[in-house]
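Asks: Have a look at the structure that comes next, please.
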Amino acid sequence: MFSVPLWFDFMAIIIDEKKSVIVQGITGREGRARTKLMKEFGTNVVAGCTPGKGGDSVLEIPVYDTVLEACNYAESYMGEAIDISVIFVPAALVKAAAIEAIEAGVKMLLLVPDRVPVWDAMEIYAAAQGNGARFVGPNTLGVLSPGRAVIGMIGGRAQSAREWFKVGHVGIISRSGGMTSSCGYYLGRAGVGLSTLVHVGGDSILGLRIPEVALMFEDDPQTRAIVIFGEIGGSQEEQLAQLIVERKVTKPVIAYIGGAAAKEGTRFSHAGAIIEGGKGTHAGKVKALREAGATVVTAFGDLPAATVEVLRTKDIPLAGRFTTEGTEDTEAQR
Amino acid sequence: MARLHEYQGKRLLREAALNVPRGAVASSADEARVIARDLACPVVIKIQAWTTGRKAMGGVAFASTPGEAASAAARLLTMKVGAFPVEQVLVEEQLPIEHEVFVSLSIDDAARRPVLLLGVAGGTGIEQRAEQVVRLPVGIDGTLDRAAVLSRLAASRIPSTLHATLADAVAKIALLARRIEARSLEVNPLVTTRDGRVMAADCRMTIDDYAVFRHADLGIDIARELDHPPTPLERIAYAIEQADHRGTFYFAQLPVEAGKPLIGFHGAGGGGSMMSMDAITAAGFAIANFTDTSGNPSVAKVYRAARIILAQPGIVGYFGSGSGVASQEQFHSAYGLAKAFIEMNLAIPAVIRLGGNSEDRAVEILEDACRNLPAPVRGFKKDDTPAACAAVFSELVAKCGARAATMQRRVPEYVGTPASYSFPITGGRVWIDHSACDAATTQLVIQHSAGLLGEQGGRPVLAVSEEEVAGKDSELIACEIECRRAGAPVLFVNLPIPGLDELQ
């Protein structure tokens, strides 16, 4: 039989199959394609919005002109409040779309587009703060909870996402979209299952950053260890190290920091990955995390083995199995 | 460029009603002489280059006469900063400076808001006196707490009669940063003069790349945060990115490290690219460029990226690797790379890690289409680590003698001839060699055309409108490569790259 512990109401973070999701920009090329992925993977997408396209439908999902109309529909006809809005609109329109959703009362947003102007991102943040809302991104591949649901485009296809990511107890936080999937896949190949994969976004101004997502994982009963794909630039990794030092993050952290070969001042596609004035260097991040007690691997290829090692040491099962009642650890993996 | 030169920044400061020294920019000694003569006072001449410590490197000169200004400018205009020649100098009135203030607005990634650093005890060498600088929060509308600025000034040795003017100047700097959507805006120093003026003596500004589209007035031609003026290849690459918004294409040339074999690098996704660069660097190679094509790019974009990478002289190999587990369909990249490698008759080995969705198909397309090229082309999948790919790459480079090669683009002879069938698409033209199209070949071409071509008089012709086919470059490049693989290279998508062919 299955061994304990057993979670009857385990959470994952940000997204699960019970959350009601709307898609802003659902009629566009990307919106349409990613809605298909989300729906096929198990996400509860209840409505879409595109100004001027109200009355249409995409993959049998009704489309409304405004977020407010979509929310009203969800509440009056389906008895659900909208939990999350996923935004696929051109970068220049993201600010207006996000603020519309925030003002309509949506408390969690996912901003997929890249090239969102920095001052727009700061305005969105201020609006979110004022309304008790939070957001992931901009420039995020999304969030995926294996066996449950996905928002964004992690995995590309539902079938790939199912094959690549196993259910378990490790939360992934990554600053790189592609590496979010890579971490998940390589951990899965080493037998390690995941609670939730979060790509915080590649930009310098983000709604949820590594330290905040780490705190969400700290509170999540399913998550028992945290894997970080960090990068040069900014202060997210250093702040995580501080949280570990302060004992606000107590679950084991295993990290890799990309960009060892990068030279100061060079920018590698993400706006976030730039070292300015000696801040956010590779060496500084590695040192801060190590001194805080995190495991930091220097070669990315060592990440799965290091994670397995940490899980074994802490007596955490490598993977779990998702059932309708919760997750159960498989005996073979104890 | 998203970084502005001092003289450009000062123009903006002047427009924002701040005082800046009288002066103008010069590109020659004669221009400097004329500016100095018109100013009719002792002048300072400063190189316009993206660097700090210009004074220490001899990039700042003082002159009392127009003749002295001309000879100083002549000397400064022969300077190089890194690999880049100084092309302009700023000639300005010398200021009788009394006090210096350090003002720097930047974006605080942790607080997600702008922050203003203010140092009232001098600007020069401020980096060494960080404890004397205060951080003042700035509103998202560019406003800040005037009382906080004044209280800081009150603690300084600056005469109180100037405090209000200085506080106004600081407020205007923050508002300007908001208006131009700066990522950073530094006025260092903001000075008071012995004759009681407040002036911005020097400035550094960086505009948010993603907001440049809203600021045509800034005259930024390349919205890229490079650490050097754009190279010709970077300009060509940027034009490609601007003309095709399907996916992302980023290209930057890196400082060349002597003594190591130089390679072209083609990543996909920033994080995976950095990791892959770490792996290839660890294998002993120097990287000529950083390139990222990701976010579901068009086939044409990947093709053009590969052409630009291959245009770099001295590279002995081509290494492509991204995250390794791509959510995007990887066969698109395979077609784009294969087309570039075939056209250039690739003479240096290439190793491409194509892991992710449709990786089996992607590797098969790439390796099969490139099987007859002078140099080996190998594709890898998600279970192959960057380090393992780098090891194979090392072997192949060694086997090929680690030699750079001059490669000439090959275009089929039927391209551009009146006997060939052709139609335009976005960014290029499709050519079909009708004289080589027997019944079987015609069927083959149509079969691989994704419904875009049909038969007329026994030959393949356009089956949809020109509007409809215009954006189908990805499908047509796939058709070109598939026909070639099947032994019938009768269709060619000609995608000129403005500037690249002239450069070579």
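The values are calculated or read from the model by the stated rules, or taken from the named source; none is laboratory data. Just so we're clear, the structure is a prediction, and the values are computed from it rather than from any experiment. Cβ sites come from the backbone with ideal geometry, for glycine too, and all protein chains shown count toward neighbours. The protein model used for the area step is the full one, side chains on, heavy atoms only, and it has no ligands, DNA or RNA in it. Shrake-Rupley method; radii C 1.70, N 1.55, O 1.52, S 1.80 Å.
Asks: Which entries in the list A:Lys19/A:Lys95; A:Lys166/B:Lys382; A:Lys18/A:Lys53; A:Lys19/A:Lys248; B:Lys10/B:Lys55; A:Lys166/B:Lys301 go over 25 Å, if you measure between the two C-alpha atoms of each?
Replies: Numbers: A:Lys19/A:Lys95 23 Å; A:Lys166/B:Lys382 16 Å; A:Lys18/A:Lys53 27 Å; A:Lys19/A:Lys248 27 Å; B:Lys10/B:Lys55 19 Å; A:Lys166/B:Lys301 34 Å.
Among A:Lys19/A:Lys95; A:Lys166/B:Lys382; A:Lys18/A:Lys53; A:Lys19/A:Lys248; B:Lys10/B:Lys55; A:Lys166/B:Lys301, the Cα-Cα distance tops 25 Å for A:Lys18/A:Lys53; A:Lys19/A:Lys248; A:Lys166/B:Lys301.
Asks: Does anyone have the angle between helix B:163-179 and the longest principal axis of chain B? Alpha-carbon axes, 0 to 90°, nearest 10?
Replies: 10
Asks: For the protein assembly as shown, which whole-number percentage of the solvent-accessible area (1.4 Å probe, protein heavy atoms only) is attributable to carbon and sulfur atoms? Each step should come with its number before you reach the end.
Replies: Details: 16360 of 31430 Å².
Here it works out to 52 percent.
Asks: Now for a different question. Could you tell me the convex hull volume per residue, in Å³, taken over the Cα atoms of segment B:253-335? If you can, show how the numbers build up before the last one.
Replies: Working: hull volume 7.0 nm³, N = 83.
Roughly 85 Å³ of hull volume per residue.
Asks: Another one. Just to be sure I understand the model, the point goes 7 Å from the Cα along the line to the Cβ. What's the resulting A:Ala92 to B:Asp217 distance in nm?
Replies: Once both label points are built, they end up 1.7 nm from each other.
Asks: Keeping all protein chains in place, calculate the accessible area per residue for the protein assembly as shown (probe 1.4 angstrom), answer in Å².
Replies: 38
Asks: Efficiency by 1/(1 + (r/R0)^6): what FRET value for B:Asn345 and B:Thr52, r their Cβ-Cβ distance, R0 = 30 Å, to the nearest 0.05? Walk me through the intermediate numbers first.
Replies: Working: r = 45 Å, r/R0 = 1.52.
Using R0 = 30 Å, I get an efficiency of 0.10.
Asks: Would you please name the trypsin sites (Lys or Arg not before Pro) within segment A:184-253 that are DSSP coil residues with at most 12 other C-beta atoms within 10 Å of their C-beta? Walk me through the numbers before you get to the answer.
Replies: Values: sites: A:Arg189, A:Arg209, A:Arg224, A:Arg247, A:Lys248; in loops: A:Arg209, A:Arg224, A:Arg247, A:Lys248.
Listed in order of number, the matching sites are A:Arg247.
Asks: Now for a separate question. Leaving ligands and nucleic acids out of the surface, order B:Ser276, B:Ser358 by accessible area at 1.4 Å, largest first.
Replies: Details: B:Ser276 0, B:Ser358 25 Å².
Reading off the accessible areas and sorting them downward yields B:Ser358, B:Ser276.
Asks: How big is the antiparallel share of DSSP beta bridges in the protein assembly as shown, given as a percent to the nearest 5?
Replies: Working: 80 of 133 bridges.
Roughly 60 percent of the beta bridges in the protein assembly as shown run antiparallel, per DSSP.
Asks: Using only alpha carbon pairs under 8 Å that are at least six residues apart, calculate the relative contact order of chain A and give it in whole percent. Each step should come with its number before you reach the end.
Replies: Details: 783 pairs, mean separation 57.0, N = 334.
Answer for chain A is 17 percent.
Asks: Using a 1.4 Å probe and counting only protein heavy atoms, arrange B:His266, B:His245, B:His332 so the residue with the most accessible area comes first. If you can, show how the numbers build up before the last one.
Replies: On the way: B:His266 15, B:His245 120, B:His332 50 Å².
In descending accessible area the options line up as B:His245, B:His332, B:His266.
Asks: Right, another one. With heavy atoms of protein chains only and a 1.4 Å probe, what residues of segment A:80-96 have at least 10 Å² less accessible area in the full set of chains than alone?
Replies: SASA drop of 10 Å² or more in segment A:80-96: A:Ala92.
Asks: To the nearest 0.05, what FRET efficiency results for A:Asp302 and A:Lys36 with a Förster distance of 30 Å applied to their C-beta separation? Don't skip to the end; give the middle numbers.
Replies: Values: r = 36 Å, r/R0 = 1.20.
After rounding, the FRET efficiency stands at 0.25.
Asks: Also: State, as an integer percentage, the relative contact order of chain B based on alpha-carbon contacts under 8 Å between residues 6 or more apart. Don't skip to the answer; put the middle values down first.
Replies: Values: 1038 pairs, mean separation 49.9, N = 504.
Rounded, it is 10 percent for chain B.
Asks: How much accessible area is lost when chains B and A come together, counting both sides, with a 1.4 Å probe, in Å² rounded to the nearest 100? Spell out each step's value before the answer.
Replies: Values: alone 22000 and 14110 Å², together 31430 Å².
For B against A, buried area totals roughly 4700 Å².
Asks: Using protein chains only (no ligands, no nucleic acids) and a 1.4 Å probe, work out which residues of segment A:106-125 have their accessible area cut by at least 30 Å² relative to the chain alone.
Replies: Buried on complex formation: A:Arg115, A:Pro117, A:Val118, A:Trp119, A:Met122, A:Glu123, A:Tyr125.
Asks: Normalising by the residue count of segment B:302-377, find the relative contact order in percent from Cα pairs under 8 Å and 6+ residues apart. Intermediate values should be presented prior to the final figure.
Replies: Details: 116 pairs, mean separation 28.5, N = 76.
Normalised by residue count, the contact order of segment B:302-377 is 37 percent.
Asks: If amide hydrogens are placed 1.01 Å from N in the peptide plane, which non-local residues have theirs closer than 5 Å to the one on A:Glu231?
Replies: Those qualifying (amide H under 5 Å, at least 5 residues apart or on another chain) are A:Gly258.
Asks: With a ≥ b ≥ c the root eigenvalues of the C-alpha gyration tensor of the protein assembly as shown, is it rounded (a/c under 1.5), prolate (a/b larger than b/c) or oblate?
Replies: Values: a/c = 1.70, a/b = 1.20, b/c = 1.41.
It comes out oblate by the Cα gyration axes.
Asks: Suppose accessible area is computed on protein heavy atoms with a 1.4 Å probe; arrange B:Asp168, B:Asp244, B:Asp360 from highest to lowest.
Replies: Most to least solvent-accessible, the answer reads B:Asp360, B:Asp168, B:Asp244.
Asks: At R0 = 41 Å, how high is the FRET efficiency between B:Glu467 and B:Val411 if r is their beta carbon distance? Nearest 0.05 is fine. Spell out each step's value before the answer.
Replies: Values: r = 26 Å, r/R0 = 0.64.
For B:Glu467 and B:Val411, the calculated efficiency is 0.95.
Asks: Okay, next question. Along the three principal axes, how long is chain A when you take its alpha carbons, biggest first, rounded to the nearest angstrom?
Replies: So the extents along the principal axes, rounded to whole Å, are 57, 55, 32.
Asks: Please report the antiparallel percentage of the DSSP beta bridges confined to chain A, to the nearest 5.
Replies: Of the beta bridges lying entirely in chain A, close to 30 percent run antiparallel.
Asks: Next question. So which residue, out of A:Gly31, A:Gly320, A:Gly55, gets the largest mean-square fluctuation from a GNM of chain A using Cα contacts under 10 Å as springs?
Replies: Top of the fluctuation ranking is A:Gly55.
Asks: Along the Cα→Cβ direction, 7 angstrom out, place labels at B:Ala155 and B:His245. What is the inter-label distance in nm?
Replies: Each label point lies 7 Å from its Cα, and together they span 4.8 nm.
Asks: Please list the helices of chain A that count as membrane-span-like by this rule: a mean Kyte-Doolittle hydropathy of at least 1.0 together with Cα atoms stretching 30 Å or more along the helix axis, each helix being a complete DSSP H run. Mind showing how you got there, number by number?
Replies: Values: long enough: none.
For chain A, where a helix must reach 30 Å along its axis and average at least 1.0, there are no hits.
Asks: Here is a further query. Provide the solvent-accessible area of B:Lys172, counting protein heavy atoms only and rolling a 1.4 Å probe, rounded to the nearest 10 Å².
Replies: Roll a 1.4 Å probe over it and B:Lys172 shows about 70 Å².
Asks: On a 0 to 90 degree scale, rounded to 10, what angle separates helix B:270-282 from the longest Cα axis of chain B?
Replies: The helix B:270-282 is inclined about 80 degrees to chain B.
Asks: Could you work out the local net charge near B:Arg353, counting Lys and Arg as +1, Asp and Glu as -1, over the other residues with Cβ closer than 11 Å to its Cβ? Could the numbers behind the result be given before it?
Replies: Values: positive: B:Arg378, B:Lys381, B:Lys382; negative: B:Glu359, B:Asp383, B:Asp384.
Residues close to B:Arg353 contribute a combined charge of 0.
Asks: What angle do you read, to the nearest 10 degrees and between 0 and 90, between the alpha-carbon axis of helix B:299-310 and the longest principal axis of chain B?
Replies: In chain B, helix B:299-310 runs at an angle near 70 degrees to the longest axis.
Asks: Right, something else. Inside 10 Å of the C-beta atoms of A:170-181, what's the mean count of C-beta atoms belonging to other chains? Please report the intermediate quantities before stating the final value.
Replies: Working: counts 0, 0, 0, 0, 2, 2, 9, 9, 20, 11, 5, 11.
Shielding by partners across A:170-181 averages 6.
Asks: For the protein assembly as shown, what is the charge dipole size about the Cα centre, in debye to the nearest 20, if Lys and Arg each add +1 at the Cβ and Asp and Glu each add -1 at the Cβ?
Replies: Numbers: 83 positive and 94 negative charges, 312 e Å.
Computed charge dipole of the protein assembly as shown: roughly 1500 debye.
Asks: Using modelled backbone amide H atoms (1.01 Å from N, in-plane), which distant-in-sequence or interchain residues come within less than 5 Å of B:Gln94's amide H?
Replies: B:Val43, B:Val44
Asks: With chain A treated as a Gaussian network of Cα nodes joined by springs under 10 Å, which of A:Ser76, A:Ser145, A:Ser204 yields the largest mean-square fluctuation?
Replies: So, out of A:Ser76, A:Ser145, A:Ser204, the one fluctuating most is A:Ser76.
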